[in-house]
Amino acid sequence: MDNAISATGLVKQFGRTRALDGLDLHVATGEVHGFLGPNGAGKSTTIRVLLGLLRADEGTATLLSGDPWRDATTLHRRLAYVPGDVNLWPTLSGGEVIDLLGRLRGGLDPVRRKDLLDRFDLDPRKKARTYSKGNRQKVALVAALASDCELLILDEPTSGLDPLMEQVFADCIQAERKSGRTVLLSSHILSEVEALCDRVSIIRAGRTVETGTLAELRHLTRTSVTAELAGPGDGVAAIPGVYDLVAEGNRLTCEVDTVKLDELLRHLTSVGVRSLTSQPPTLEELFLRHYEQDEPAVTA
Amino acid sequence: MTSTRRAPARGGGTRTADRAPAPAAPESGGGQHSFVGTGTLVRLALRRDRLMVPIWLGVLFLLTIMSSLSVKDLFGSAASRDQLAGSAGATPATVAMYGPSWDVGTLGGLSTWKMNTMGTVLLGLVSIFVVTRHTRGDEEPGRLELIRAGVAGRYSALTAGVLVALLTNVVSIPLVALGLMAGSVGAGPSFGYALALALVGFVFTGLAALTAQLTESSRAANGIAAAVLAVAFLLRALGDTTSQISWLDWLSPLGWLVRFRAFAPQPHWWLLVPPVVALLALLVAGYLLAGRRDLGAGLLPARLGRPAASRLLSGPFGLAWRLHRGTLLGWSIGFAVLGAALGSVSNGLDDFAASKGVRDMLQALGGQQALVDSYLSFTMALAALVVAVYLVQSLLRMRGEETAYRAEPVLATPVGRLRWAASHVTVAVLGAAWLLVLMGLFAGLGRGGDDVGHQIGRLLGAALAQLPAALVLAGITIALIGLLPRWSVAAWGLLGLFVAIGQFGDLLKLDQRVRDVSPFTHTPTVLGGTVSATPLIVLSLVAIALAAIGLLGLRRRDIGAA
Ligand SMILES: Nc1ncnc2c1ncn2[C@@H]1O[C@H](COP(=O)(O)OP(=O)(O)OP(=O)(O)O)[C@@H](O)[C@H]1O
Ligand SMILES: [Mg+2]
């Protein structure tokens, strides 16, 4: 079995909002998979479908080789989940919530529980009502990380955590990866994804727009080029993959898909290059591109 | 004051566990700027209540107009009213439930007789809910923080909630008065009664302004205020049925209302003063507390909990028990007190048999024992309605868990939907049975006498016979949650309809087929009658079928807020 999660063509309609619109997601066993997309893109909805809380209108999903809707209870023995909005029972203490969720999942490791409480610097005696947002998040994280399972599904697990705690979280995920667990990590934080994830999927308006390793994605980004030429750079505009071209006399600036860089340079040198600066591609740019072009979810 | 303060809902997490509360902003308690923003908050509150409040007021108006029109229609002649006053009006059960029947001989007195209880419950509850919703209800989830951080003074939310609740009561005055006048009741007494009724709502507005300061949870604030409403009812019921303790009436806003006697030749106008004094006193107390405490805090500071879960809290049932137990404890106390009070009232029934006319009627009805039994049966039927309220409330909590996204982490574990739902249903149903046992037990103890054991046995049976009808309401609630989750609060509407059918059925001379719609119509009279088990079995089967349909629906539908 090589895929822990495999979803194809998921569609989910909420009234007139099409939250998922043919979404694909494939997470290999043992990898840490980043799941990105702007607000309202459908990340949490996808996760709820994978947990069998929502039933997809169309498409197929396989989770740990089972059907997430039909086999929900048996599959849930093998996974732990941290929701995007952690809501706890106001009258229970953090320690009680951790134990309860752990026991529901079939028990948790007391040594690990204690260790995680220390590392996350969490007081388990406080009533959930009195926790701050970050501390509520920690309760859910400790409950999930202290249980022994194959798959971790984490929906924006670091929202509300301070930078120190983000680092503790990152260390924990590295450890999980080493011990062979699969992690689906939805996030808005690029540095977190770069540091932790083997592969990422980017979704927008309920559709997957990019998926691959970080190296592959870098490849998809654009390089910005500024050149002083010997003559007018005619014909540059005709090269496919060149965008935002501005030519003033012999000077030109443009953006080019990294795969087309070669072709652009060949053309420029044929004219004659006096000076050339190029800015290396960044992932940030790629993400921003997908985030910016965001349109509201399709309404039927 | 040591208290835990809610950390900001948003913004960076704190490094260590929550910090100690920052000292309250140095704004002084009394300044005018403490009320800044009240106008905006009133408009916001009116907008948020634009559906809820009109529905409550609409129900009140409908009840009034139905009552007055049917009285004019069916009891138009003074003779027919006098006859009713001599029969139904003279039984301790109806006096306990609705108040003394002094003025039942008049059109207005008869039209409003049953409104005394229904009207005060409606106006009392809506006042409590409105105040709590805009004060503690906003404070608990941290919404108020957002508002107070903007330009809104310390007392603005409390003032806005109180103003909207008072306005609701003021609007009820012309509605009730016009409803009565539709039945040819004179304008003066109609407005007088409507005013006295609204003043009861004023008292509970003041009370809610106080209870909203006491606890950190709005549920508890509502609960305490509603419990006081129940006590006010009990005090009046006891005072009106037992002459030795009739002074209890004077302690209760409901007592003030029934003794005001709008339709007597000389109404006791001075009885309009105590509610206003009570309102002012309660408001002063509420504002004093509001000025002294931190945002988010209650009077009782939150205590630390256990660092680890006990063995009891290991599964869905343990969780459901934990979530329901506080509410059940409150209800248990209420039922024990109610049972004991109503049981002991039955001992004072001799007073009723004192007059010659009543004695004759009693003979016709089958003697003193029959009178007591019919009173106790009536009481038990009342308990059935209250238990149904408990069932609907605790089952809707299941839906509340879902909409608050607290069901999600549980359902993401190996706990299936059916087991999750079963945990809540089991706790609710066993809780309801337990409450009826308490009712029967304490009614038997209160009844006392030489054969307490026998009385307890009889009354336990009579109390438990009420369970199947109440369970039908549980079935309805589960069916709604499973099939029409967005409409699950409609369970309250149906319960209200059934209560209205039961309470006003005879007054409106409703068709038997209409009365049969209510499950409570079918509960047999256990005391002093020959009991057939068939209706109880049928009711139970209906309840089970409804629950099964709901659970099937729950298995097939999406889990979530919408
Ligand atoms: N229960 C629901 N009813 C109606 N619409 C919903 C429901 N749940 C989600 N949506 C809509 O579906 C879309 C996707 O929402 P989703 O929560 O999956 O986004 P997300 O990617 O998790 O966003 P974020 O980054 O803000 O958490 C949004 O437009 C949202 O409004
Ligand atoms: Mg989300």
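Worth pointing out:
- Among the residues of segment B:413-450, those that are within 14 Å of chain A (Cβ to nearest Cβ) and in a helix (DSSP H, G or I) comprise B:R417, B:L418, B:R419, B:W420, B:A421, B:A422, B:S423, B:H424.
- The one condition from (1) buried (at least 24 other Cβ atoms within 10 Å of the Cβ); (2) more than 7 Å from every other protein chain (Cβ to nearest Cβ) that A:K114 does not meet is (1).
- Failed item in (1) under 22 Å from B:S310 (Cα atoms); (2) within 16 Å of ligand 2 (Cβ to nearest atom); (3) surrounded by fewer than 20 Cβ atoms within 10 Å (Cβ to Cβ), with A:D85 passing the rest: (1)
- Checking each residue in segment A:39-56 for being among the charged types (D, E, K, R) and more than 6 Å from ligand 1 (Cβ to nearest atom) picks out A:R48, A:R55.
- Apart from one condition, B:R419 fits all of (1) surrounded by fewer than 17 Cβ atoms within 10 Å (Cβ to Cβ); (2) without any contact (Cβ under 8 Å) to a residue 40 or more places away in the chain; the exception is (2).
- Lone qualifier among A:G59, A:G52 - being part of a strand (DSSP E or B) and not hydrophobic (A, V, I, L, M, F, W, C): A:G59
- From B:W247, B:W321, residue being away from chain A (no Cβ under 14 Å) and assigned to a helix (DSSP H, G or I): B:W247
- Segment B:363-412, subset modelled with pLDDT of 90 or more and not in a helix (DSSP H, G or I), residue surrounded by the most Cβ atoms within 10 Å (Cβ to Cβ): B:A412
- Segment A:76-109, residues that are of a type in the set (G, A, S), facing chain B (nearest Cβ under 7 Å) and either closer than 21 Å to A:S187 by Cα or in contact with a Gly (Cβ under 7 Å, 6 or more places away or on another chain) (or both): A:S93
- Evaluating B:G137 against the criteria (1) of a type in the set (G, A, S); (2) under 30 Å from A:V86 (Cα atoms); (3) more than 19 Å from the chain's Cα centre (by Cα) leaves one unmet condition, (3).
- Exclusive hit being modelled with pLDDT under 90, touching a strand residue (DSSP E or B) at 6+ places or on another chain (Cβ under 9 Å) and not small (G, A, S), set B:L248, B:L304: B:L304
- The number of residues in segment A:118-130 that are more than 15 Å from A:Q167 (Cα to Cα) and more than 7 Å from chain B (Cβ to nearest Cβ) comes to 1.
- Meets criteria (over 25 Å from B:V284 (Cβ atoms) and hydroxyl-bearing (S, T, Y)) for B:S246: yes
- Matching residues in segment A:34-49 - criterion: being at the interface with chain B (Cβ under 10 Å from one of its Cβ atoms) and more than 9 Å from ligand 2 (Cβ to nearest atom): A:R48, A:V49
- Residue match in segment B:231-239 (condition: outside any helix (DSSP H, G or I) and either surrounded by fewer than 22 Cβ atoms within 10 Å (Cβ to Cβ) or at pLDDT 95 or above (or both)): no
- Restricting A:T17, A:T60 to those that are away from chain B (no Cβ under 14 Å) and either away from ligand 2 (no atom under 16 Å from the Cβ) or β-branched (V, I, T) (or both) reduces the list to A:T60.
- Options A:R77, A:R18, A:R70, A:R103; residue that is away from ligand 1 (no atom under 16 Å from the Cβ), at pLDDT below 95 and surrounded by 17 or more Cβ atoms within 10 Å (Cβ to Cβ): A:R103
- Residue in segment B:531-540 that is under 22 Å from B:L62 (Cα atoms), in a helix (DSSP H, G or I) and in the same structural domain as B:T403 (by TED's automatic domain parsing) present: no
- Taking the criterion of being away from every other protein chain (no Cβ under 14 Å), under 28 Å from the mean Cα position of the chain (by Cα) and hydrophobic (A, V, I, L, M, F, W, C), the only residue of segment B:549-562 that qualifies is B:L551.
- Complete set of residues in segment B:431-490 that are of a type in the set (V, I, T) and modelled with pLDDT of 90 or more: B:V437, B:V472, B:I476, B:T477, B:I478, B:I481
The values are calculated or read from the model by the stated rules, or taken from the named source; none is laboratory data. Predicted, not measured: the structure shown is a model, and the values here were computed from it. Positions of Cβ are generated from backbone atoms using ideal geometry, with glycine treated the same way; all protein chains shown enter the neighbour counts.
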